[in-house]
Amino acid sequence: MIDIENIELTYLSLDDYQELKKTMIESYTNMPDSYWREHHIKSLISRFPEGQVVIKVNNLIAGCALSIIVDYSKFEDDHTYKDITGNYTFSTHTSDGDILYGVDIFIKPEFRGLRLGRRLYDYRKELCERLNLKGVAFGGRIPNYHKYADKLSPKEYIDKVRRKEIHDPVLNFQVSNDFHPAKILKNYLAGDDQSSEYAVLLEWDNIYYEKHNKKPIAQKKLVRLGLIQWQMRPYKNLDELLQQAEFFIDAVSGYRSDFALFPEFFDAPLMAENNHLTEPEAIRELAKHTAAVVQRFSELAISYNINIISGSMPEIRNDRLHNVGYLCKRDGTIEHYEKLHVTPDEVKVWGMEKGDKLQVFDTDCGKIGILICYDVEFPELSRLLADEGMDILFVPFLTDTQNGYSRVRNCAQARAIENECYVAIAGCVGNLPKVHNMDIQYAQAMVFTPCDFAFPANGIKAEATPNTEMILIADLDLDLLRELNQFGSVRNLKDRRKDIYELKKRK
């Protein structure tokens, strides 16, 4: 696994050319002379700088996407690569066009497997929506077709690829990114012997396209959450537990979720191997796994392009036991949060000590807060986070009984109303008969909203089935919070009586 410190999507600069040239040559080993010359890149950047982006890993170019805007009516469905690019001059680009056309996209071999290509495709889709274009199109190579050209027509080949009877890495990847085959293009790219010079015209339709819109389009900040209702079950070792965690991350990422939320103490089943020890000794042994879990979650956040909230785990700092969690961002950074109010049981049984770190985290989907279980029952904490601009509050929890769960649930819903924010909670379900002090669990993952006309009347955006292992997916529109703050039926943040009371965080 590559040791990744940072992932950045940025505009391509002509200063990047020499490094870009090397990346292109390494990416197209079967077509060594197919790299773009410097004057080509200069032309693209000068004509359409927004369409030319690179993705950098540790400040090194890992991939690139080149695009132009064309008036598609001039080409229709039958065209060659030479036609669409104006004989490689890109004179076909026009700001008055209606289709974002993909000129090229590639990932350097050593960085493949990190799903960086999906980030580039997602950028194209977002750019298409922002520019109010009809859609994205490009001619997709079928590099494995030469193996079947003597017995299959291109259409038959594509049909077999779609039925998974034949594996074509390029076409499979494009289809998995929501592009649909529209037509076979003959003699598309001269010299592409692997594809027998055929290509598949792939298209993605912008459902938000407005043909006669003459006003700027207000961009909605839509965020998708993936909440994991985790089943407590025996695991042989840490690897087996992490395999189950990756399964859920893969699942919620498959739905293009921006966040994955794990519950509090989801790794508790690993204490079973130390059940012969006292409870304080057993949880301190569990704390030895925390660093490895965080490292693996960070790798998965990058690989699956998702921000992971790790729930919570025990951690020993300065010989003191704490209940902590980590926000593993998809750009490679890691941030830490702590449980500030430990329950009487955590103190009595484990000797757990309270943390003292409270902050809002900046993410690529707005500002978020994270409170672990019991902390959500103290309204001051979330109000302080709301004062710092929090849009979504995440609450990983673990409760053994229904009344304990009800405390967390009802307080979480109150926090959504009080602070004009979304609140997402996720907990563990099932039983752990071989782990002391962790015998039973009760949970129901939920997403709460403020109660106003733009939101569900009961303030519940989504809810899981109680006490059943599952994932819960929910879409949140952050712009609705802005509208609520300004035009809501009630305005809980604005209408506070700061003339008679105040709340502030001690430094």
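The values are calculated or read from the model by the stated rules, or taken from the named source; none is laboratory data. Keep in mind the model is a prediction, meaning the values are calculated, not measured. Positions of Cβ are backbone-derived with ideal geometry, glycine not excepted, and every protein chain shown enters the neighbour counts.
Structure above, values below:
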read-out	value
Of all residues making up the stretch 334-352, the number that are touching a strand residue (DSSP E or B) at 6+ places or on another chain (Cβ under 9 Å) and either surrounded by fewer than 17 Cβ atoms within 10 Å (Cβ to Cβ) or of a type in the set (Phe, Trp, Tyr) (or both)	7
Flag for ASN274 being among the polar types (S, T, N, Q) and over 15 Å from LEU241 (Cβ atoms)	no
Test set (1) exposed (fewer than 14 other Cβ atoms within 10 Å of the Cβ); (2) touching a residue at least 60 places away in the same chain (Cβ under 8 Å); (3) under 30 Å from GLU469 (Cα atoms) - GLN231 fails condition number	(1)
Enumerated strands (runs of 3 or more DSSP E) restricted to the stretch 282-378, each holding at least 1 residues that are within 21 Å of the chain's Cα centre (by Cα) and touching a residue at least 40 places away in the same chain (Cβ under 8 Å)	307-309, 320-328, 334-338, 361-363, 366-370
Matching residues in the stretch 364-373 - criterion: being of a type outside the set (D, E, K, R) and either surrounded by fewer than 24 Cβ atoms within 10 Å (Cβ to Cβ) or out of contact with any Ser or Thr (no Cβ under 8 Å at 6 or more places or on another chain) (or both)	CYS365, GLY366, ILE368, ILE370
Yes/no for MET313 being within 19 Å of GLY427 (Cα to Cα) and at pLDDT below 95	no
The stretch 415-471: number of residues that are of a type in the set (A, V, I, L, M), in contact with a helix residue (DSSP H, G or I) (Cβ under 7 Å, 6 or more places away or on another chain) and within 14 Å of ILE392 (Cα to Cα)	3
Filter result for VAL103 (crowded, with 18+ Cβ neighbours inside 10 Å, in contact with a Leu (Cβ under 6 Å, 6 or more places away or on another chain) and over 30 Å from LEU300 (Cβ atoms))	yes
So GLU279, is it over 23 Å from the mean Cα position of the chain (by Cα), within 20 Å of LYS339 (Cα to Cα) and at pLDDT below 95	yes
Residues (in a helix (DSSP H, G or I) and free of Cβ contacts under 8 Å to residues at least 60 places away in the same chain) located in the stretch 167-194	PRO169, VAL170, LEU171, ASN172, PHE173, GLN174, VAL175, SER176, ASP193
